[in-house]
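These notes are about the structure you will find just below.
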Amino acid sequence: MQNNIFSTLFIGQNYIKLTSVDSTNTYLKNILTNSEPLPEGTVIMAENQFSGRGQLQNKWLSKPGENLTFSVYLKPNFLTITQQFYLNITVSLGVWEVLERYLGADVKIKWPNDIYYKDKKLGGILIENSIQGSLFKNTIIGIGINVNQQAFDAELSDKAISLNQILHKNVDINALMTDICQVIEKYYFQLKAQKLEKLMADYQAQLYQLHQASLFEKDGEVFVGVVRGVTNSGQLQIEVNHHMETYNFKEIKFIKPEPNNPIIT
Ligand code: BTN
(Lines give C-alpha, C1' and ligand atoms only; values in the text may rest on other atoms or scores of the structure.)
Protein backbone atom coordinates (compact mmCIF):
# COMPACT_ATOMS: atom_id res chain seq x y z
CA MET A 1 0.00 0.00 0.00
CA GLN A 2 1.51 3.37 -1.01
CA ASN A 3 1.11 6.15 1.49
CA ASN A 4 2.36 9.60 2.28
CA ILE A 5 2.49 9.63 6.07
CA PHE A 6 6.23 8.83 5.97
CA SER A 7 8.64 11.53 4.88
CA THR A 8 11.28 8.96 4.01
CA LEU A 9 12.91 7.68 0.84
CA PHE A 10 12.06 4.03 1.39
CA ILE A 11 11.32 3.01 5.00
CA GLY A 12 7.54 2.97 5.34
CA GLN A 13 6.80 3.68 1.68
CA ASN A 14 5.13 0.29 1.74
CA TYR A 15 3.05 0.40 4.92
CA ILE A 16 0.71 -2.21 6.32
CA LYS A 17 -1.32 -1.35 9.41
CA LEU A 18 -2.94 -4.29 11.20
CA THR A 19 -5.69 -4.11 13.77
CA SER A 20 -4.47 -7.20 15.56
CA VAL A 21 -1.66 -9.72 15.07
CA ASP A 22 0.36 -12.18 17.15
CA SER A 23 3.69 -10.50 16.38
CA THR A 24 4.62 -8.04 13.66
CA ASN A 25 8.02 -9.74 13.35
CA THR A 26 6.37 -13.14 12.84
CA TYR A 27 3.92 -11.65 10.34
CA LEU A 28 6.79 -10.22 8.27
CA LYS A 29 8.74 -13.47 8.56
CA ASN A 30 5.74 -15.43 7.26
CA ILE A 31 5.36 -13.19 4.23
CA LEU A 32 9.06 -13.63 3.43
CA THR A 33 8.92 -17.40 3.97
CA ASN A 34 6.06 -17.63 1.52
CA SER A 35 8.44 -15.98 -0.95
CA GLU A 36 6.12 -13.11 -1.59
CA PRO A 37 8.14 -10.19 -2.99
CA LEU A 38 8.30 -7.36 -0.52
CA PRO A 39 9.94 -3.98 -1.04
CA GLU A 40 12.82 -3.13 1.25
CA GLY A 41 11.62 -0.70 3.91
CA THR A 42 8.17 -2.29 4.28
CA VAL A 43 6.70 -1.40 7.68
CA ILE A 44 4.14 -3.54 9.50
CA MET A 45 2.43 -1.87 12.44
CA ALA A 46 -0.10 -3.45 14.79
CA GLU A 47 -2.56 -1.66 17.03
CA ASN A 48 -2.85 -4.83 19.09
CA GLN A 49 0.07 -7.25 19.24
CA PHE A 50 -1.12 -10.11 21.43
CA SER A 51 1.90 -12.43 21.38
CA GLY A 52 4.86 -10.10 21.04
CA ARG A 53 8.35 -11.57 21.20
CA GLY A 54 11.40 -10.10 22.90
CA GLN A 55 15.07 -10.99 23.10
CA LEU A 56 16.17 -14.24 24.75
CA GLN A 57 12.75 -15.85 24.09
CA ASN A 58 11.08 -13.33 26.42
CA LYS A 59 7.57 -12.07 25.77
CA TRP A 60 6.89 -8.47 24.83
CA LEU A 61 3.73 -7.34 26.58
CA SER A 62 1.85 -4.35 25.26
CA LYS A 63 -1.66 -3.13 26.04
CA PRO A 64 -3.80 -2.90 22.88
CA GLY A 65 -3.95 0.55 21.29
CA GLU A 66 -1.70 2.18 23.87
CA ASN A 67 1.80 1.47 22.58
CA LEU A 68 3.92 1.33 19.46
CA THR A 69 4.67 -2.12 18.07
CA PHE A 70 6.04 -2.37 14.53
CA SER A 71 8.54 -4.09 12.29
CA VAL A 72 10.71 -2.87 9.45
CA TYR A 73 12.01 -5.03 6.62
CA LEU A 74 15.58 -4.32 5.53
CA LYS A 75 17.94 -6.03 3.11
CA PRO A 76 21.43 -4.99 4.22
CA ASN A 77 23.17 -7.11 1.60
CA PHE A 78 26.10 -4.69 1.63
CA LEU A 79 26.95 -5.73 5.19
CA THR A 80 29.29 -8.58 6.07
CA ILE A 81 28.47 -10.97 8.91
CA THR A 82 31.31 -9.53 10.98
CA GLN A 83 29.60 -6.12 10.79
CA GLN A 84 26.32 -7.50 12.12
CA PHE A 85 26.39 -5.48 15.32
CA TYR A 86 26.28 -2.28 13.28
CA LEU A 87 22.64 -3.05 12.53
CA ASN A 88 21.93 -2.96 16.26
CA ILE A 89 23.80 0.33 16.45
CA THR A 90 21.89 1.83 13.50
CA VAL A 91 18.47 0.94 14.84
CA SER A 92 19.25 1.79 18.47
CA LEU A 93 20.48 5.23 17.44
CA GLY A 94 17.36 5.83 15.36
CA VAL A 95 15.02 5.00 18.22
CA TRP A 96 17.17 6.77 20.80
CA GLU A 97 17.39 10.03 18.81
CA VAL A 98 13.63 10.38 18.48
CA LEU A 99 12.93 9.52 22.12
CA GLU A 100 15.64 11.92 23.23
CA ARG A 101 13.74 14.70 21.42
CA TYR A 102 10.72 13.97 23.61
CA LEU A 103 12.50 13.27 26.88
CA GLY A 104 15.98 14.76 26.86
CA ALA A 105 19.31 13.46 28.05
CA ASP A 106 17.97 10.80 30.44
CA VAL A 107 17.23 8.55 27.46
CA LYS A 108 20.07 6.07 26.97
CA ILE A 109 20.83 2.90 25.03
CA LYS A 110 21.31 -0.08 27.28
CA TRP A 111 23.62 -2.56 25.58
CA PRO A 112 22.93 -4.11 23.22
CA ASN A 113 19.71 -2.41 22.16
CA ASP A 114 17.28 -1.56 24.91
CA ILE A 115 16.10 1.99 25.28
CA TYR A 116 16.11 3.23 28.84
CA TYR A 117 14.79 6.29 30.60
CA LYS A 118 16.78 6.68 33.82
CA ASP A 119 16.76 3.11 35.20
CA LYS A 120 13.62 1.83 33.48
CA LYS A 121 12.95 0.29 30.09
CA LEU A 122 11.06 2.45 27.64
CA GLY A 123 11.55 0.36 24.53
CA GLY A 124 13.07 -2.76 23.08
CA ILE A 125 14.37 -3.93 19.73
CA LEU A 126 14.37 -7.45 18.32
CA ILE A 127 16.49 -7.95 15.20
CA GLU A 128 16.07 -11.20 13.29
CA ASN A 129 18.39 -11.93 10.38
CA SER A 130 18.55 -14.49 7.66
CA ILE A 131 21.93 -14.95 6.06
CA GLN A 132 23.03 -16.21 2.66
CA GLY A 133 26.70 -17.14 2.32
CA SER A 134 28.61 -14.41 4.10
CA LEU A 135 26.04 -11.68 3.49
CA PHE A 136 22.70 -10.67 4.91
CA LYS A 137 19.61 -11.63 2.99
CA ASN A 138 16.66 -10.42 5.07
CA THR A 139 16.54 -8.49 8.29
CA ILE A 140 13.44 -7.94 10.36
CA ILE A 141 13.69 -5.11 12.84
CA GLY A 142 11.02 -5.28 15.53
CA ILE A 143 10.52 -2.23 17.71
CA GLY A 144 8.32 -1.90 20.77
CA ILE A 145 7.93 1.39 22.66
CA ASN A 146 5.84 1.97 25.76
CA VAL A 147 3.90 5.05 24.76
CA ASN A 148 0.55 5.77 26.41
CA GLN A 149 0.25 2.87 28.85
CA GLN A 150 -0.26 4.32 32.31
CA ALA A 151 0.25 1.21 34.41
CA PHE A 152 2.21 -2.01 34.05
CA ASP A 153 1.58 -5.43 35.55
CA ALA A 154 3.16 -5.95 38.96
CA GLU A 155 6.17 -7.89 37.65
CA LEU A 156 7.03 -5.05 35.23
CA SER A 157 6.09 -1.95 37.17
CA ASP A 158 9.54 -1.34 38.68
CA LYS A 159 11.32 -2.13 35.40
CA ALA A 160 9.18 -0.54 32.66
CA ILE A 161 8.12 3.02 31.96
CA SER A 162 6.13 4.78 29.24
CA LEU A 163 6.30 8.19 27.60
CA ASN A 164 2.95 9.05 29.16
CA GLN A 165 4.22 8.26 32.66
CA ILE A 166 7.12 10.65 32.12
CA LEU A 167 5.36 13.44 30.21
CA HIS A 168 1.92 13.09 31.85
CA LYS A 169 0.22 13.37 28.50
CA ASN A 170 -0.54 11.16 25.53
CA VAL A 171 1.85 10.99 22.61
CA ASP A 172 0.76 10.49 18.98
CA ILE A 173 1.76 6.88 18.22
CA ASN A 174 1.76 7.29 14.42
CA ALA A 175 3.94 10.41 14.53
CA LEU A 176 6.37 8.62 16.83
CA MET A 177 6.59 5.71 14.40
CA THR A 178 7.11 7.83 11.29
CA ASP A 179 9.78 9.91 13.06
CA ILE A 180 11.61 6.77 14.17
CA CYS A 181 11.51 5.40 10.62
CA GLN A 182 12.91 8.64 9.27
CA VAL A 183 15.81 8.68 11.71
CA ILE A 184 16.57 4.97 11.29
CA GLU A 185 16.73 5.63 7.56
CA LYS A 186 19.24 8.43 8.20
CA TYR A 187 21.51 6.12 10.20
CA TYR A 188 20.96 3.28 7.72
CA PHE A 189 22.33 5.48 4.94
CA GLN A 190 25.37 6.15 7.14
CA LEU A 191 25.75 2.39 7.54
CA LYS A 192 25.50 1.90 3.79
CA ALA A 193 28.19 4.56 3.35
CA GLN A 194 30.39 2.56 5.78
CA LYS A 195 30.55 5.37 8.36
CA LEU A 196 31.26 2.70 10.95
CA GLU A 197 33.52 4.71 13.23
CA LYS A 198 31.02 7.53 13.48
CA LEU A 199 28.15 5.14 14.17
CA MET A 200 30.14 3.40 16.89
CA ALA A 201 31.16 6.71 18.48
CA ASP A 202 27.56 7.98 18.47
CA TYR A 203 26.33 4.70 19.96
CA GLN A 204 28.95 4.54 22.70
CA ALA A 205 28.28 8.15 23.67
CA GLN A 206 24.71 7.17 24.55
CA LEU A 207 25.40 3.95 26.46
CA TYR A 208 23.50 3.49 29.70
CA GLN A 209 25.82 3.39 32.73
CA LEU A 210 28.90 4.32 30.67
CA HIS A 211 31.80 4.91 33.08
CA GLN A 212 29.53 4.18 36.04
CA ALA A 213 29.79 1.23 38.38
CA SER A 214 27.13 -1.44 37.97
CA LEU A 215 26.38 -4.83 39.41
CA PHE A 216 26.54 -7.72 36.92
CA GLU A 217 25.96 -11.45 37.20
CA LYS A 218 27.86 -14.19 35.39
CA ASP A 219 27.48 -17.91 36.14
CA GLY A 220 25.61 -17.12 39.37
CA GLU A 221 28.29 -14.74 40.66
CA VAL A 222 27.62 -11.07 41.22
CA PHE A 223 30.43 -8.58 40.61
CA VAL A 224 30.99 -4.85 40.23
CA GLY A 225 32.09 -3.59 36.82
CA VAL A 226 32.28 -0.37 34.88
CA VAL A 227 30.96 -0.24 31.30
CA ARG A 228 33.75 1.19 29.12
CA GLY A 229 32.49 0.50 25.61
CA VAL A 230 31.61 -2.06 22.98
CA THR A 231 33.82 -3.96 20.53
CA ASN A 232 33.20 -3.95 16.76
CA SER A 233 31.58 -7.35 17.08
CA GLY A 234 29.23 -6.08 19.76
CA GLN A 235 30.75 -7.46 22.94
CA LEU A 236 30.40 -5.32 26.04
CA GLN A 237 33.69 -4.09 27.51
CA ILE A 238 33.58 -3.94 31.27
CA GLU A 239 36.39 -2.93 33.58
CA VAL A 240 36.53 -5.36 36.47
CA ASN A 241 39.21 -4.97 39.14
CA HIS A 242 41.28 -2.74 36.82
CA HIS A 243 41.18 -5.32 33.99
CA MET A 244 39.19 -4.97 30.78
CA GLU A 245 36.91 -7.93 30.15
CA THR A 246 34.64 -8.52 27.15
CA TYR A 247 31.31 -10.30 27.33
CA ASN A 248 28.78 -11.68 24.88
CA PHE A 249 25.10 -10.87 25.25
CA LYS A 250 24.06 -14.27 26.62
CA GLU A 251 27.04 -14.50 28.96
CA ILE A 252 26.29 -11.70 31.36
CA LYS A 253 23.34 -10.12 33.08
CA PHE A 254 23.10 -6.51 34.17
CA ILE A 255 21.53 -6.33 37.63
CA LYS A 256 21.45 -2.67 38.62
CA PRO A 257 23.61 0.40 39.09
CA GLU A 258 25.85 0.17 42.11
CA PRO A 259 24.35 2.04 45.09
CA ASN A 260 25.22 5.76 44.75
CA ASN A 261 26.05 5.04 41.08
CA PRO A 262 29.53 6.60 41.16
CA ILE A 263 31.28 7.80 37.99
CA ILE A 264 34.62 5.99 37.69
CA THR A 265 37.28 7.77 35.67
C1 BTN B 1 13.21 -6.82 23.82
O2 BTN B 1 13.48 -5.81 24.46
O3 BTN B 1 13.30 -7.93 24.35
C4 BTN B 1 12.78 -6.69 22.39
C5 BTN B 1 11.35 -6.36 22.28
C6 BTN B 1 10.87 -6.20 20.84
C7 BTN B 1 9.39 -6.02 20.75
C8 BTN B 1 8.94 -5.70 19.36
S9 BTN B 1 7.26 -5.18 19.30
C10 BTN B 1 7.24 -5.30 17.57
C11 BTN B 1 8.06 -6.51 17.20
N12 BTN B 1 7.24 -7.71 17.19
C13 BTN B 1 7.59 -8.57 18.14
O14 BTN B 1 7.04 -9.67 18.36
N15 BTN B 1 8.61 -8.08 18.84
C16 BTN B 1 9.05 -6.81 18.35
Residue satisfying all of: in the range 206-265; of a type in the set (Phe, Trp, Tyr) and touching a residue at least 40 places away in the same chain (Cβ under 8 Å); nearest to Tyr117 (Cα to Cα) among these
Tyr208
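Within the range 186-223, track down each residue that is among the aliphatic types (A, V, I, L, M) and closer than 20 Å to Lys120 by Cα. Give the steps one after another, and end with the answer.
Step one: filter the range 186-223 for residues among the aliphatic types (A, V, I, L, M), giving 191, 193, 196, 199-201, 205, 207, 210, 213, 215, 222.
If the condition is that a residue be among the aliphatic types (A, V, I, L, M) and closer than 20 Å to Lys120 by Cα, then Ala205, Leu207, Leu210, Ala213, Leu215 are the ones that fit.
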Please verify whether Glu47 is more than 14 Å from Thr139 (Cα to Cα) and at pLDDT 95 or above, treating the condition exactly as stated.
yes
Only one residue in Ile127, Ile143 is hydrophobic (A, V, I, L, M, F, W, C), under 23 Å from Lys169 (Cβ atoms), in a strand (DSSP E or B) and within 12 Å of the ligand (Cβ to nearest atom). Which one?
Ile143
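Which is within 11 Å of the ligand (Cβ to nearest atom) and out of contact with any Pro (no Cβ under 9 Å at 6 or more places or on another chain), of Asn58, Asn34, Asn30?
On the way: Asn34 fails: within 11 Å of the ligand (Cβ to nearest atom); Asn30 fails: within 11 Å of the ligand (Cβ to nearest atom).
Being within 11 Å of the ligand (Cβ to nearest atom) and out of contact with any Pro (no Cβ under 9 Å at 6 or more places or on another chain) holds for just one of Asn58, Asn34, Asn30, which is Asn58.
Among the residues in the range 13-26, are any in contact with a helix residue (DSSP H, G or I) (Cβ under 8 Å, 6 or more places away or on another chain) and either at pLDDT 95 or above or within 16 Å of the ligand (Cβ to nearest atom) (or both)?
Looking for residues that are in contact with a helix residue (DSSP H, G or I) (Cβ under 8 Å, 6 or more places away or on another chain) and either at pLDDT 95 or above or within 16 Å of the ligand (Cβ to nearest atom) (or both), one finds at least one in the range 13-26, hence yes.
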Quick check on the range 80-97. Is at least one of its residues acidic (Asp, Glu), at pLDDT 95 or above, within 21 Å of Tyr203 (Cα to Cα) and part of a strand (DSSP E or B)?
no
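The values are calculated or read from the model by the stated rules, or taken from the named source; none is laboratory data. This structure is a prediction, so every number in the text was calculated from the model and none was measured. Note: ideal-geometry Cβ built from the backbone for every residue, glycine included; neighbour counts use all protein chains shown.
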